[in-house]
Amino acid sequence: MKNAATLIICAVALAYLVGTGPGEQDPQMPPNHPQLPRQVPPGHPPLPQQPGESDPSAPPVADPADVASVDALVSAYYEVISGPAGEARDWDRFRSLFLPEARFITAKTISGRSATINLTPEQFIRFNQKYFEGSGYFEAEVNRRTDTFGNIAHVFSTYEARHKLSEPEPYSRGINSIQILGDGRRWWIANVMWDYERPDENPIPPEYLPDSTGGAD
């Protein structure tokens, strides 16, 4: 009996350290919370316990089609923030694309120096909702470079911004650096960092434009 009990305890401990496999639900996590794998390289300490079911930061349940791939996730991001003046955005869909601890980071040039701005998804909504829905805002991807390794991906996404789709030229262009995490069931946006084009001092390099021979991945 003593040996059997020892084996059971070891099996439970091993299951905790290894964590859930791809596509499996962690029973200690709510269905709509990121199911991050607990696997770690040999010799590393186990990862900390993820927030439990009472965690208020759990995002809304995502449409599976929005988060099935890196391409789908990035397309959903651009689609959900874009729309004409007077049209409410689906902010719950927006929230469902992001890890709870995700950040939006940019450096604004003020008096010749860069001032970093760091926003949570909720702060991004508060700062941009009136502008997007009042003036109209369409952000379209025109070129992309994607690098992936295991459960992580980085998308370098060139965008053009317009108030109306009928506008022949964008009023702003820039590049979104989007960090993405996969958990075996879906993909999440972990961070969005961006800068905008300033033709005299910060032009977009040719390799990140749609006519570039580098092209989009």
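Sum up the charges of everything whose Cβ sits under 14 Å from the Cβ of PRO121, counting Lys and Arg as +1 and Asp and Glu as -1, but leave PRO121 out. Let's see the in-between values first.
Working: positive: ARG89, ARG93, ARG95, ARG103, ARG126; negative: ASP90, ASP92, GLU101, GLU122.
Residues close to PRO121 contribute a combined charge of +1.
Give me LEU209, LEU97 sorted ascending by neighbouring Cβ count inside 10 Å, so fewest comes first.
Values: LEU209 15, LEU97 25.
By the 10 Å Cβ count, ascending, the order reads LEU209, LEU97.
Given points 7 Å out from each Cα along the Cα-Cβ axis, report the ASP147 to SER135 separation in nanometres with one decimal.
It is 3.3 nm.
Taking 0.36 nm per residue of separation and subtracting the Cα-Cα distance, what length does fully extending GLU167 through ARG198 add? Working shown, then result.
Details: separation 31, 0.36 × 31 = 11.16 nm, distance 1.97 nm.
Value of the extension gain: 9.2 nm.
Testing the spin-label approximation: label points 7 Å from Cα along Cα→Cβ at ALA85 and ILE117. State their distance in nm.
Placing both labels 7 Å along Cα→Cβ, they lie 2.1 nm apart.
Between ILE125 and LEU209, what is 0.36 nm times their sequence separation minus the Cα-Cα distance? Round to one decimal in nm.
Numbers: separation 84, 0.36 × 84 = 30.24 nm, distance 2.81 nm.
Gain on stretching ILE125 to LEU209: 27.4 nm.
Read-outs throughout are calculated quantities, based only on the coordinates presented, and are distinct from any laboratory measurement. It should be emphasised that the depicted structure is a prediction, and the values quoted were computed from it without experimental measurement. All Cβ positions, glycine included, derive from the backbone under ideal geometry; neighbour counts span all protein chains shown.
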